[in-house]
Amino acid sequence: MKQLLCLFSAVVLLNVCLVAQSKSVHLGSNAIDLNRVHLSFTTDKDPIDYHVNEDMRFTIDLDLGDQELEGEYFVDWKSSSDDGVSDHGRVGLSELPLILTKSMSRPGFVRLQVELLDAQGVALKQDNWEKPGRTAKIAFEGGAGADVDQIQQAVPAPDDFVAFWERQRARLDAVPMNRKVERVESKTPGFDTYAVEVDCAGPRPVTGYITVPTGAADKSLPARVVFYGYGVGPHFPHSGTAGEITFAVNAHGFELAQEQDYYDNFKNLIRSHGEIYGFDPKQNSDPEAAYFNGMALRAMRALEFVKTQPKWDGENLIVKGGSQGGLQSIWAAAQDPDVSLCKVSIIWCANIAGESQDGRLGGWQPKWVPELGYYDVVNYAPYIECPVEITRAALGDYTSPPSGLAAFYNNLDTEKEIVWYQGSTHGYISPVFETFTRSDREEVAVNTAAQAMPREKGKEGWLRAHEQISKSAQRGEVPLLFIGDSITHMMLTNGGPVWREEYRQIGAVNVGLSGDKVENILWRIQNGALGTLKPKVTVLLAGVNNMRKNTPEEIGLGVGAIVDVLKLRLPETKILVLGVFPRGHKGGTQDRETIKEINTYIAQLDDNERVFYLDIGNDFLNKDGSLIEGAMLKDGLHPDLKGYQIWAAAIKDKIAQLSQ
C-alpha cells in the first residue's frame, strides 16, 4: 500500500534585489534591526491537504524579534487563485494577526502575497540572508492547494508525441558521437577536470565540463549529469563530488572559456523575431525548429557520452537540475531508461497551456502554441521509469506555477516525492519558510530522523532552553559555530577549559542542546536557533541519540537534511560534519559497528566545496579499540575534559584550513 514519506531536502536557485541596506535603521524614534523582523503566514492545516469548497484559513502575522516598531506601518496582502478569484487589502500592525479565509471551487491553488510597507507605501527591506551584501523585501509568498492530487494537465499530449521523439532519436543516432576532451585545471584537489565537446544533431554540439575523482578504478563510480537554469553566460567547471563522476552541461552548446563579449553576442544570435530564446511563438510552432529541440537533443547526447566513461559503474546515473535545468533533466530521464534517479526542483515549463487553455494562474513561460506539447514536462512524466524527487516546489512560485508541478507529479507512474515550500518564490526563499513533503512509494516507512520535530519528553523545559539559545544567537558574523546534542553542549561544562581557551576567546558560539536527536536539531535550526549568526565555519555533530530508534541510513539522511538547511540558511559558511564518536569502552561491539555504518552514510555528504566530512573517532581510541583512559565519562559516550582536548586538537588544522 502506498504511504506518505516525509523527508526534507533543499535545492535553491537565488534571485535577489541589488540595493544595499544597513542592518539597523531608524523607524520612528527608535533604531530597529530589520534583519530580525519576519513577516509570514500560516494555514490552519497542511496547505496541501485542503479540498474543493473547504475554507482555507490564513493567519498573517509579524515577528519584530523582541523589538518595538514606532510610527505608522502596514501589511499589504494580495490573493489570487486558479479559479479566477482575486482580492487585496492593507491593514495596520495593530490589526495583526489577521485571518483571511479563502477557498477553491475546483482543484487548484490559492496564491497569497504579503509585504511590510511604511506610511508612504514603500516596502521595507532587510539583508538578503541568502546573498550577503544584497537586500530583499520583508515579505512572504505562498498559498494553499485544494484536491491537489486531482489537478490535471490542460491539454493532452500531441497524438504523435512518441513518433515525433522516435524521429528525433533517429536524427541523433545518425550523428557519430565524435568528441573532444581536453584536460583543464581542476578547481578542487583530488579531482581531474576536462572540457568536453561532443557532436550532436541540431545546430550545436554538447559542451560542458566533466569532473572525475583522481585515481578512481574503472566501473567504480556513479555518474551525475547536471543541467542549469535559464540564461546565457560563462560556464564554469564543477568543483566535483566525492565518489562521483559529474558532468556539468550547458544548455546551448556554446564554446567554453570565452570572453564575456562572446556570450553577449551569442545571446543576441539565438533571439528569434525579437524574442529571447524559447519564447518565439512562430519558431515554437515548428517543433523541429524550436529552440528547445536542440536543447533536448543535447541533453540526450550528454547521457550517451557519460555512459561511455570507463569509470562509470554501469548502474547509477543521476540527472539533476532546477528550473530550466529541471526541464532538461526530465527530458533526459524520459528518453533514457538507464537513468536511475531524476532529482529536480522548481521545474520550468510544466503545463504551459494551464493559463490560456484552463484559466489557471500563469507563470513566466513561453506563450502557448500546441507544438510546445512536444516539450512540456507533463507529457514526459508517464515515460519516466526511475524515481523522481522534486526537492522544491514553491507555493509562491509564479515563474513555474504550482499547478503545473502538481499536474506533472500526478502524471508520474513511478516512485516519486515532492517537497512543497511555503514562503518561497521561484528565486527566493523566506528565512521563515516551511516545508510539506509528499511521497508515493511502495511500503516505505517514515524516516523520523529526517522530519523536523520538537522534543516530546520534557518539551516545556526544552523549548525554554531553545528560546534562550535563539536569543543569544543574535550576534551576526562569528568565526565558528558548533551545532549538536549533549556532546556538543557539554563542551561548555565538562570541556570548559577547552571552550574558554580555544573557542570563547575568538568569539565562537555553541548552540548544542543535551538530549537532541537529529530531528530535534533540524527543528531548532528551522525555528530560530541560528538567530542572526553568520559563521565562517560551522561544526556539526549529530546522530548518536538516534541509534536506538533509526537505521544507519535513516540517520545519515537526517544529518543530510540538517546540512541542507544549514547550506540554505548559512550560505557563506563552510560546514564541517563530524563522524559519530565511538560509543562504549571496548571495541568490536555492535554499537561500534553501527557507528561505522552510520558514518559511511554521513561521509557521502562531503562535496569538497561547502561540506566537508571528518572522522576523528580513532583519536579517542587505543590500538585495541578501547577508549583512551580519561577521554570519556563512565557512560562511554560523553567526553570528559581530556576528550574535549582530543576533539579540539583533532579538528584544529581543518578549522584553520576552512577559515581561510
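Scanning residues 5 or more positions from K536 or on other chains, those with amide H under 5 Å from its amide H are V478, L480, with H placed 1.01 Å from N in the peptide plane.
Computed per residue of the chain from DSSP H runs no shorter than four, each worth -39500 (n - 2.57), the mean residue ellipticity at 222 nm is -7000 deg cm²/dmol.
Taken one residue at a time, the phi angles of segment 293-302 give Karplus couplings (6.51, -1.76, 1.60, θ = phi - 60°) of 5, x, 5, 5, 5, 5, 5, 5, 5, 4 Hz. Gly and Pro are set to x.
Toward the positive end of the charge dipole of the chain, with +1 on the Cβ of Lys and Arg and -1 on the Cβ of Asp and Glu, the farthest Cα among L627, I469, A299 is that of L627. Phi angles of segment 406-411 translate, via the Karplus equation with coefficients 6.51, -1.76, 1.60 and θ = phi - 60°, into HN-Hα couplings of 5, 4, 4, 4, 5, 7 Hz per residue; Gly and Pro are given as x.
Averaging the Cα positions of each part gives two centres, and for segment 597-644 and segment 385-412 these lie 40 Å apart.
Each of A529, N379, W77 was scored by the projection of its Cα onto the charge dipole of the chain, and the greatest displacement toward the positive side belongs to A529; charges sit on the C-beta of Lys, Arg, Asp and Glu. When both segment 299-337 and segment 217-278 are represented by their alpha-carbon centers, they are found 14 Å apart. The calculated FRET efficiency for K45 paired with R592, based on their beta-carbon distance and R0 = 56 Å, is about 0.80. Here the chain is assigned +1 on the Cβ of each Lys and Arg and -1 on the Cβ of each Asp and Glu. Its dipole about the Cα centre then comes out at about 1520 debye. Near H426, the amide H atoms lying under 5 Å from its own belong to Y398, T399; only residues 5 or more places off or on other chains count, and H is placed 1.01 Å from N.
Considering only alpha-carbon pairs that sit under 8 angstrom and 6 or more positions apart, the relative contact order computed for the chain is 12 percent. Taking every alpha-carbon pair within segment 300-340, the share separated by more than 16 Å comes to 32 percent. Among G326, S514, S272, whose Cα projects farthest towards the positive end of the dipole of the chain, with charges put on the beta-carbon of Lys, Arg (+1) and Asp, Glu (-1)? Farthest towards the positive pole: S514.
Derived scalar couplings between HN and Hα for segment 382-394 equal x, 9, 8, 9, 7, x, 10, 10, 9, 7, 8, 10, 8 Hz in order, rounded to whole Hz, by the Karplus curve 6.51 cos²θ - 1.76 cosθ + 1.60 (θ = phi - 60°), x for Gly and Pro. Packing-based ranking of 85-92, 560-567 yields 560-567, 85-92, ordered from highest to lowest mean Cβ neighbour count within 10 Å. Within the set [x] 0.97; [y] 1.26; [z] 1.09, the number that Rg/Rh (Cα atoms, Kirkwood Rh) takes when calculated for this structure is listed as [x]. Taking the centroid of alpha carbons for each part, segment 94-148 and segment 556-576 are 26 Å apart.
Each value in this text was obtained by applying a stated rule to the coordinates, not by laboratory testing. Everything quoted here is computed from the prediction, not taken from an experiment. Virtual Cβ from ideal backbone geometry, glycine too; neighbours counted across all protein chains shown.
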